[in-house]
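Read the structure below first, then the notes.
The values are calculated or read from the model by the stated rules, or taken from the named source; none is laboratory data. Values in this document were obtained by computation on a predicted structure and should not be read as measured data. Here Cβ is always computed from backbone atoms with ideal geometry, including for glycine, and neighbour counts include all displayed protein chains. Please note that ligands, DNA and RNA were not included when accessible areas were found on the heavy atoms of the full protein model with its side chains. Shrake-Rupley method; radii C 1.70, N 1.55, O 1.52, S 1.80 Å.
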Amino acid sequence: MPEVKNDRPSDAPLAGLTVISGLVDAISYVGIGQVFMANMTGNLLILGFAAGDPSKFPLVATAIAVVGFFLGAGLAGRLVERVPNVRRRLILAMAMETSLFGITTVGSFLLPTTQAGRYPLIVVLGVAMGGRNTVVRRLGIPDISTTVVTGTLANLAADSVLGTGRHTRARRRAGEIVALVLGAWAGVLLLRNFGFNATLVVLTVLMALTTVLYIWRTSPARAR
């Protein structure tokens, strides 16, 4: 079924999702330990590092994160195929991500605080971020993935005064980068001052608010 690019979201809710990605990776890398949920490039590198020195890098946790991400991305591919309406698809994806964050939060209170006790949380967070990555990338919005900004940073530099000087989508590109860094910064502060479980509560609430705001801002009644 061909994709229908209607009701494409503005940059604002996507920037909110990018902040959340930074927060998620702070939770996983700092709170769980040397594993990413959104940045799979980093995880693949860690797998390579762990193969060279398994005593210094979390091989099992990283492999679980990659598998979870792959599963979420695959399931989201089905969602994209079956729900061509972009607004409806995003609402479903964001609602599912909120639910998965909620499951992770509940699990953080119930599961042991050991490294192995965190493995189920890694799976659920990996599924959430894999699904998000697929859904947002299929929107085809230049310079926005909400999970990684390597290409965005390269494009910003290439079109800066050091490169072409065209400043193409410079505000969007810079905003995406700042949003990810802001989320990571906030995540570390929350972990340091309030702890792992409380930070997951904040994550879930923030995702729920982002979802509700997107639904409200894009409602047909409000557009009339």
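Matching residues to (1) part of a helix (DSSP H, G or I); (2) at pLDDT 95 or above; (3) in contact with a His (Cβ under 9 Å, 6 or more places away or on another chain); (4) open to solvent by 50 Å² or more (accessible area, probe 1.4 Å):
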residue: Pro9; (1), (2), (3), (4): no, no, no, no
residue: Ser55; (1), (2), (3), (4): no, no, no, yes
residue: Glu81; (1), (2), (3), (4): yes, no, no, yes
residue: Arg87; (1), (2), (3), (4): yes, no, no, no
residue: Met96; (1), (2), (3), (4): yes, yes, no, yes
residue: Gly117; (1), (2), (3), (4): yes, no, no, no
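The residues of region 6-45 that are more than 10 Å from the chain's Cα centre (by Cα) and among the β-branched types (Val, Ile, Thr), listed by number, are Ile27, Val30, Ile32, Val35, Thr41.
The set of residues in region 138-159 being of a type outside the set (Asp, Glu), within 22 Å of Leu182 (Cα to Cα) and outside any helix (DSSP H, G or I) consists of Ile141, Pro142, Ile144, Ser145, Thr146, Thr147, Val148, Val149.
I need the full set of residues from region 186-214 which are open to solvent by 30 Å² or more (accessible area, probe 1.4 Å) and either of a type in the set (Gly, Ala, Ser) or in contact with a Leu (Cβ under 9 Å, 6 or more places away or on another chain) (or both), in order please. Of everything in region 186-214, those that are open to solvent by 30 Å² or more (accessible area, probe 1.4 Å) and either of a type in the set (Gly, Ala, Ser) or in contact with a Leu (Cβ under 9 Å, 6 or more places away or on another chain) (or both) turn out to be Ala186, Leu190, Ala198, Val202, Leu206, Ala208.
Being open to solvent by less than 20 Å² (accessible area, probe 1.4 Å), modelled with pLDDT under 90 and within 16 Å of Ser145 (Cβ to Cβ) is the requirement here; does Pro13 meet it? Outline the logic, then answer.
Details: open to solvent by less than 20 Å² (accessible area, probe 1.4 Å): no; modelled with pLDDT under 90: yes; within 16 Å of Ser145 (Cβ to Cβ): yes.
The answer is no for Pro13.
For region 98-114, check the following and say yes or no: at least one residue is in a helix (DSSP H, G or I), open to solvent by 50 Å² or more (accessible area, probe 1.4 Å) and either among the acidic types (Asp, Glu) or in contact with a Gly (Cβ under 7 Å, 6 or more places away or on another chain) (or both).
Step one: filter region 98-114 for residues in a helix (DSSP H, G or I), giving 98-110.
Right, trim to open to solvent by 50 Å² or more (accessible area, probe 1.4 Å) and you get 99, 103, 106, 109-110.
Now restrict to residues that are either among the acidic types (Asp, Glu) or in contact with a Gly (Cβ under 7 Å, 6 or more places away or on another chain) (or both): none.
Taking every residue of region 98-114 in turn, none turns out to be in a helix (DSSP H, G or I), open to solvent by 50 Å² or more (accessible area, probe 1.4 Å) and either among the acidic types (Asp, Glu) or in contact with a Gly (Cβ under 7 Å, 6 or more places away or on another chain) (or both).
Can you report the number of residues in region 23-53 which are in a helix (DSSP H, G or I) and open to solvent by 50 Å² or more (accessible area, probe 1.4 Å)?
Let us first name the residues in region 23-53 that are in a helix (DSSP H, G or I), namely 23-33, 40-52.
With open to solvent by 50 Å² or more (accessible area, probe 1.4 Å) added as a condition, the list becomes 29-30, 41, 44-45, 49, 51-52.
Qualifying residue count, region 23-53: 8.
In the set (1) under 21 Å from Leu200 (Cα atoms); (2) free of Cβ contacts under 8 Å to residues at least 12 places away in the same chain; (3) hydroxyl-bearing (Ser, Thr, Tyr), Ser55 fails one condition alone, (1). For region 148-171, check the following and say yes or no: at least one residue is modelled with pLDDT of 95 or more and among the hydroxyl-bearing types (Ser, Thr, Tyr). No: region 148-171 contains no residue that is modelled with pLDDT of 95 or more and among the hydroxyl-bearing types (Ser, Thr, Tyr). Evaluated against (1) modelled with pLDDT of 95 or more; (2) surrounded by 17 or more Cβ atoms within 10 Å (Cβ to Cβ), Phe70 falls short on exactly one condition, (2). Considering (1) polar (S, T, N, Q); (2) at pLDDT below 95; (3) at negative phi, the lone condition that Asn193 does not fulfil carries the number (2).
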